Amino acid sequence: MSEGVDRRKQQMGWKVALGVLLFLSFHYASGLWRLANQSGGMETKFSRLAVDEHRAYLIGQNLLVLVAYAILAVAAWLIVMPLVSSLRRKSPSMPGWREVALACASCALIHGYFMFRLMHSRPYFTSDAAFGDWYYRILDWPPEAIQAEINAVLFEILPWAVLAAVVVWWWRQCGKTGRLAMAALMVAGITLSFWRPAQAELIQNAGSGKKPMNVLMVGSDSLRGDRLGYAGYAPERKDGPAADGVSPAIDAWARDAVVFDNCRTSMGSTLESNISMMSSTYPHTHGIRQMFASREEVDAMNARVTPLARLLAEKGYDTAAVGDWCAGFYELAPLGFEDIEVSSFDSFRIYMSQAVFLSHFVVPLYFDNELGYELFPQIRSFAQFVTPEVVTERVEDRVAAQAASGRPFFWHVFYSSNHLPFRAAEPYCRMFADPSYSGKNATGVDFDIDQFIGGTDVEDKWSALPEAEAQQIRALYDGCTRQFDECFRRILAALDEHGLKENTIVVLTADHGDDLYEPGVTLGHGLSFNGAGHSFHVPLAIYLPGQGPLRFDEQVRTIDIAPTLADLTGVTVPPEWEGRSLVPWIEDPEAAHDRPYFGETQFPFIQLKVPGIERPHLPPMDELTVIDSDFNFQFVLKDEYREKVVEAKQRCLRSREWKLVCTPTIEGTRHFTLFHLPTDPECLRDVAGEHPQVMERMRRALERWIDEKMETPLEAIFPESAGG
């Protein structure tokens, strides 16, 4: 009798395994199909290159994800066996094929549950709104008053209850040896889940005496200076959680800070702007003029600049850059930071690996966790896998360790929260949106990277977007800001908890802003000086312990940040720095006066139209660049286009009242447009002909900056009015 029972269990086990394998095989085949068709029929140079020259790597990545499928097969078999066994007891005459079908159906049920759980916790994994809409309608079905309780039962209590039931079932099936093994595994799992390395013991105390001030810079890629509550911005939706606005924690903190309302970056692109900010140099000085720099350009830049982090490290500071994929540029250009804890910088192979792993959707569904990061470390480089919460937890741990060490620190914490495609987590992604919206931009901007890098009509498509969709995109952006605000709040709380608040200078800023369908612009950042220039306007607020609140509306630049922090920490400012400290303003607010803003556009993903002229023709990104296998498979601008890209850039000079834009033409000339900011803040009307004297003065100063790389002070441009 016992042998017959064991034989039936063994047979059932094989049938359950077959059902599980059939289910996962279907998903593996679906993943391969998605990978082959994910470009929507659009074939770019890079997609062809991936197949033609990196076929072995693609095959290897598809074989690698089989490890994930194998782990899921074992886990599914362990979970499904108790269910099928229970049903088998109720129907002893059940045919064998039904056991296989039941196993398949059970896998589908479990998979569906985890899809719902993903929609609830990480909606940004869904790149297509239509994919997630019906899930959300079901999740939103319970009354709002009890949604939190229902979600807690469904997504927190239920998984543990099922796991406990599965463990009990297998415990009963095992003999003494099996139970000992299970107990050992459970103890090991619990121990590992709570274990943390004692980082504080690894950090040497910097010594006794008066403690130097710590410096903590916190930013979010594409965070605009004008779309924060303290800057006067209020979202259209004001009910429920949206009633607190987009930045309640930042707003409360800014009330005690020194706020600079009008700060601009010299280039609206992450790599170049951060180099400028950390080394206080213009792009034409540090030499990185577009984001696809070669190894030679990067090496020359590293040898040329003196970044603030290097100077503070020499004074004994712990220097670290912490962030997600938007902070990945630090692996390419460390800028003096000794500890880099960021995602890998974009390279062609990272893009290929991401395409493979996201086509096999079981990877983000089941392995976006610590186990997944250990098994597949490359997923830390993918935008969808590195969440703001992960970055914040790392900073919280680092604050605790640093407090124990007593060593001063200079850290740059940099998030991708506000970067396109604006995919915040729940509840932020829907917090400011119209509840009735059901279009393709529900949880993020519907964005096709292949069209962006290989298309020539992206501007036309973006311009044709209906206003309702533009409103939804702006609401998504506001949700991203609110999520970043929560991360900022947690970092401040960690400083306070560990007694570091009154010994830490905290700086809030960004690399650049973003256009959000304001007059004259669509989406993107740093691509042109059309419109009001929101993609070059960043927040700048500095909390100085012991200093009361101050507010300045005079124009400053991100190249002024490093000299300011150098002054505050007692570091000698290198002579090659081109920015100027803002500390004299803090000491004497009457000394504040506008500084000239000089800027240039970034890599020409899109040559945005300028009325009345034809701009120099440049190919799309996939024809402008090449993959350098000797430079970590980085995208690198082709040698023959380096000068052409620089020559095609728009340049801008801005004072308090005037904005002058220089646009190169296809004929090789320079076209200038002048805008009067007090009467035309959106910069829609060229008044160059009406103000020839202003035009001539600013033109000479801007051309001097372009050709001679020399900055002209505003008091030299407008001697009768230094503010311009």
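The values are calculated or read from the model by the stated rules, or taken from the named source; none is laboratory data. Just so we're clear, the structure is a prediction, and the values are computed from it rather than from any experiment. FYI the Cβ positions are ideal-geometry reconstructions off the backbone, even for glycines, and counts take in every protein chain you see. In case anyone asks, the SASA skips ligands and DNA or RNA and just uses the protein heavy atoms, side chains included. Shrake-Rupley method; radii C 1.70, N 1.55, O 1.52, S 1.80 Å.
In the range 536-553, how many residues are in a strand (DSSP E or B) and surrounded by fewer than 18 Cβ atoms within 10 Å (Cβ to Cβ)?
3
Inspect all residues belonging to the range 511-519 and state whether any of them is in a strand (DSSP E or B), under 23 Å from Gly229 (Cβ atoms) and open to solvent by less than 20 Å² (accessible area, probe 1.4 Å).
yes
Results for (1) among the aromatic types (Phe, Trp, Tyr); (2) over 16 Å from Ser86 (Cα atoms), shown as yes or no for each residue.
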position: Pro143; (1), (2): no, yes
position: Gln147; (1), (2): no, yes
position: Val153; (1), (2): no, yes
position: Pro159; (1), (2): no, yes
position: Val162; (1), (2): no, no
position: Trp170; (1), (2): yes, no
position: Gly175; (1), (2): no, yes
position: Gly178; (1), (2): no, yes
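Are any of the residues in the range 707-716 open to solvent by less than 30 Å² (accessible area, probe 1.4 Å), out of contact with any Pro (no Cβ under 7 Å at 6 or more places or on another chain) and of a type in the set (A, V, I, L, M, F, W, C)?
Scanning the range 707-716 turns up no residue that is open to solvent by less than 30 Å² (accessible area, probe 1.4 Å), out of contact with any Pro (no Cβ under 7 Å at 6 or more places or on another chain) and of a type in the set (A, V, I, L, M, F, W, C).
Within the range 592-626, take every residue that is open to solvent by less than 40 Å² (accessible area, probe 1.4 Å) and more than 30 Å from Glu643 (Cα to Cα) and give me the one that is farthest from the chain's Cα centre (by Cα).
Ala592
Of the conditions (1) modelled with pLDDT of 90 or more; (2) of a type in the set (Gly, Ala, Ser); (3) surrounded by fewer than 18 Cβ atoms within 10 Å (Cβ to Cβ), Ser629 satisfies every one except a single condition; which number is it?
(1)
Just for the range 231-246: of the residues that are in a loop (DSSP other than H, G, I, E, B) and closer than 29 Å to Glu587 by Cα, which one is least open to solvent (accessible area, probe 1.4 Å)?
Tyr233
How about the range 520-535: which of its residues are open to solvent by less than 10 Å² (accessible area, probe 1.4 Å) and of a type in the set (Ser, Thr, Tyr)?
Result: Ser528, Ser535.
Report, ordered by the first and then the second residue, all pairs with beta carbons closer than 7 Å, sequence separation of six or more or different chains, a first member in the range 296-319 that is within 19 Å of Gln402 (Cα to Cα), and a second member that is part of a helix (DSSP H, G or I) and modelled with pLDDT of 95 or more.
Note: pairs meeting the criteria are Ala309/Met278; Leu312/Thr569; Thr319/Ala309; Thr319/Leu312; Thr319/Ala313.
Just to be sure I understand, how many residues within the range 40-94 are of a type in the set (A, V, I, L, M), at pLDDT 75 or above and over 30 Å from Leu371 (Cα atoms)?
Adding up the residues that qualify gives 1.
Within the range 402-423, take every residue that is hydrophobic (A, V, I, L, M, F, W, C) and at pLDDT below 95 and give me the one that is surrounded by the most Cβ atoms within 10 Å (Cβ to Cβ).
This residue is Phe422.
Give the residues of the range 298-335 that are over 22 Å from the mean Cα position of the chain (by Cα) and in a loop (DSSP other than H, G, I, E, B), sorted by residue number.
Residues satisfying the conditions are Val305, Thr306, Pro307, Lys315, Gly316, Tyr317.
When the range 696-717 is examined, which residues are found to be part of a loop (DSSP other than H, G, I, E, B) and either touching an Asp or Glu at 6+ places or on another chain (Cβ under 9 Å) or closer than 10 Å to Pro596 by Cβ (or both)?
Listed by number, the residues that qualify are Glu711, Thr712, Pro713.
Hey, Gly668 hits all of (1) on the phi > 0 side of the Ramachandran plot; (2) crowded, with 16+ Cβ neighbours inside 10 Å but one; which does it fall short on?
(2)
Listed here are the residues, each with its yes/no results for (1) over 26 Å from Phe292 (Cβ atoms); (2) not hydrophobic (A, V, I, L, M, F, W, C).
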residue: Phe635; (1), (2): no, no
residue: Glu643; (1), (2): no, yes
residue: Glu647; (1), (2): no, yes
residue: Leu653; (1), (2): yes, no
residue: Val661; (1), (2): no, no
residue: Thr673; (1), (2): yes, yes
residue: Glu682; (1), (2): yes, yes
residue: His691; (1), (2): yes, yes
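Those residues that are open to solvent by 10 Å² or more (accessible area, probe 1.4 Å), touching a Gly at 6+ places or on another chain (Cβ under 9 Å) and more than 15 Å from Ala562 (Cβ to Cβ), I need them from the range 305-346; list them, please.
The answer is Gly316, Glu341, Val342, Ser344, Phe345, Asp346.
Being in contact with a Gly (Cβ under 8 Å, 6 or more places away or on another chain), among the aliphatic types (A, V, I, L, M) and open to solvent by 10 Å² or more (accessible area, probe 1.4 Å) is the filter here; which residues of the range 247-264 pass it?
The answer is none; no residue qualifies.
Does Phe414 fit the bill of being of a type outside the set (S, T, N, Q) and touching a Leu at 6+ places or on another chain (Cβ under 8 Å)?
no
Could you check, for the range 147-169, whether at least one of its residues is in contact with a helix residue (DSSP H, G or I) (Cβ under 7 Å, 6 or more places away or on another chain) and either modelled with pLDDT under 70 or not hydrophobic (A, V, I, L, M, F, W, C) (or both)?
yes
Please verify whether Ala688 is closer than 26 Å to Pro519 by Cβ and among the small types (Gly, Ala, Ser), treating the condition exactly as stated.
Against the criterion (closer than 26 Å to Pro519 by Cβ and among the small types (Gly, Ala, Ser)), Ala688 qualifies.
Criterion first (under 19 Å from the mean Cα position of the chain (by Cα), at pLDDT 95 or above and open to solvent by 20 Å² or more (accessible area, probe 1.4 Å)) does Glu426 satisfy it?
no
Return only the number of the condition from (1) free of Cβ contacts under 8 Å to residues at least 40 places away in the same chain; (2) part of a helix (DSSP H, G or I); (3) surrounded by 15 or more Cβ atoms within 10 Å (Cβ to Cβ) that Tyr437 does not satisfy.
So the condition that Tyr437 fails would be (2).
Within the bounds of the range 265-285, is there any residue that is more than 21 Å from Asp639 (Cα to Cα), part of a helix (DSSP H, G or I), open to solvent by 30 Å² or more (accessible area, probe 1.4 Å) and modelled with pLDDT of 95 or more?
No: the range 265-285 contains no residue that is more than 21 Å from Asp639 (Cα to Cα), part of a helix (DSSP H, G or I), open to solvent by 30 Å² or more (accessible area, probe 1.4 Å) and modelled with pLDDT of 95 or more.
Between a residue in the range 145-165 that is closer than 26 Å to Leu78 by Cβ and touching a residue at least 24 places away in the same chain (Cβ under 8 Å) and any residue that is open to solvent by 70 Å² or more (accessible area, probe 1.4 Å) and not aliphatic (A, V, I, L, M), which pairs come within a Cβ distance under 6 Å, given they are 6 or more apart or on different chains?
From residues that are closer than 26 Å to Leu78 by Cβ and touching a residue at least 24 places away in the same chain (Cβ under 8 Å), the pairs are Phe155/Arg117.
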